[in-house]
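A short worksheet on the structure shown next.
FYI, it's all coordinate maths here, none of it is from the lab. Note that the structure is a prediction, hence the values are computed from the model and not measured. Cβ atoms come from the backbone with ideal geometry, glycine included; neighbour counts cover every protein chain shown.
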Amino acid sequence: MNCALYLVPTPVGNLEDITYRALRILKEVNLVLAEDTRTTGILFKHFDIHTPMASHHKFNEHKTIAHFADRILAGESIALVSDAGTPAISDPGFMLVRECVARGIRVECLPGATAFVPALVDSGLPTDRFCFEGFLPQKKGRQTKLQSLATEDRTMIFYESPYRLVKTLQQFAEVFGTDRQASVSREISKMFEDTQRGTLQQLVEHFTATPPKGEIVVVVAGADEKQVQSNDVDEDEEVDLAKIRKSKKLIEKFKQRDSSKEYKNKILSITHEGQVFEI
């Protein structure tokens, strides 16, 4: 087998979703890097795969990427898998791929399972243009990120924990509006797969009454033209006010430096966008 890094998608729920090619690669490579060897071990047992495994997760990847790249350059073939879905999509993988590309190592990503595609298609929302946001920041930068998406006119896709879903939907409603259309898909390809569709307010009410379980994908409609224009006007007003405040501060500094009686008696004003503001 050619020495290379193979990114191999694994089922997000139903084991029947794995491809013949993925099974062949996993059996033929010298080593499989797994996000959690226990989870991948279940997959290996089901399909009678006996390839050696090594852990590769977000807590150790920055320390091990050089080592695994060296092994590939020495003639080995290595496959990378995550617990479910396609590696490097909200999972470890990017750093290793970047290292291999930088060293001229061949990288192959097999097509296969990923949670957000079926959730998007099943949502009933536009699929011609969309953006994948993955997991939002938990604390620092979360509100800034949400505000930056307020005028996003493409369909938006998010991953979320069932424990944070209601809070996240409430935040979406505050930023995007309670009547924005959305869908919540959970347990994709599993026995209890379910998709709820409606406004953000309706989804908040549903999942408040029925606490969710399982892996969650949230799909939110993009802003319409009126919402985009409205937000643009708000931003322009904020910029105008910022300019006015700055101008006032500059004039106040100038007044403090000029101690002449004549200047103190003057009424200073600034003109901005046709409006006069007295200082």
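Quick notes on this one:
- Matching option when the condition is among the acidic types (Asp, Glu) and in contact with a helix residue (DSSP H, G or I) (Cβ under 7 Å, 6 or more places away or on another chain), among GLU187, GLU160: GLU160
- ASN60, sole failed condition from (1) closer than 23 Å to GLY134 by Cα; (2) touching a residue at least 24 places away in the same chain (Cβ under 8 Å): (2)
- Cβ-Cβ under 7 Å pairs, at least 6 apart or on other chains, segment 8-32 side in contact (Cβ under 8 Å) with a residue 60 or more places away in the chain, far side among the charged types (D, E, K, R): PRO11/ASP17; GLY13/GLU187; GLY13/LYS190; ASN14/LYS190
- Positions within segment 19-30 being more than 29 Å from the chain's Cα centre (by Cα) and surrounded by 15 or more Cβ atoms within 10 Å (Cβ to Cβ), in sequence order: LYS27, VAL29, ASN30
- Counted residues, segment 172-219 - those being assigned to a loop (DSSP other than H, G, I, E, B), of a type in the set (Asp, Glu) and under 21 Å from PRO11 (Cβ atoms): 3
- Unique match (being in contact with a Leu (Cβ under 8 Å, 6 or more places away or on another chain) and either surrounded by fewer than 20 Cβ atoms within 10 Å (Cβ to Cβ) or more than 21 Å from ARG103 (Cα to Cα) (or both)) among THR10, THR37: THR10
- Taken over segment 165-197, residues that are farther than 18 Å from VAL228 by Cα and surrounded by 15 or more Cβ atoms within 10 Å (Cβ to Cβ) amount to 17.
- Hits in segment 99-128 (condition: charged (D, E, K, R) and touching a residue at least 12 places away in the same chain (Cβ under 8 Å)): GLU99, ARG103, ARG106, GLU108, ASP122
- Filter result for GLU16 (more than 16 Å from GLU108 (Cα to Cα) and buried (at least 16 other Cβ atoms within 10 Å of the Cβ)): no
- Listed conditions (1) surrounded by fewer than 19 Cβ atoms within 10 Å (Cβ to Cβ); (2) in a helix (DSSP H, G or I) are all met by GLN138, apart from (2).
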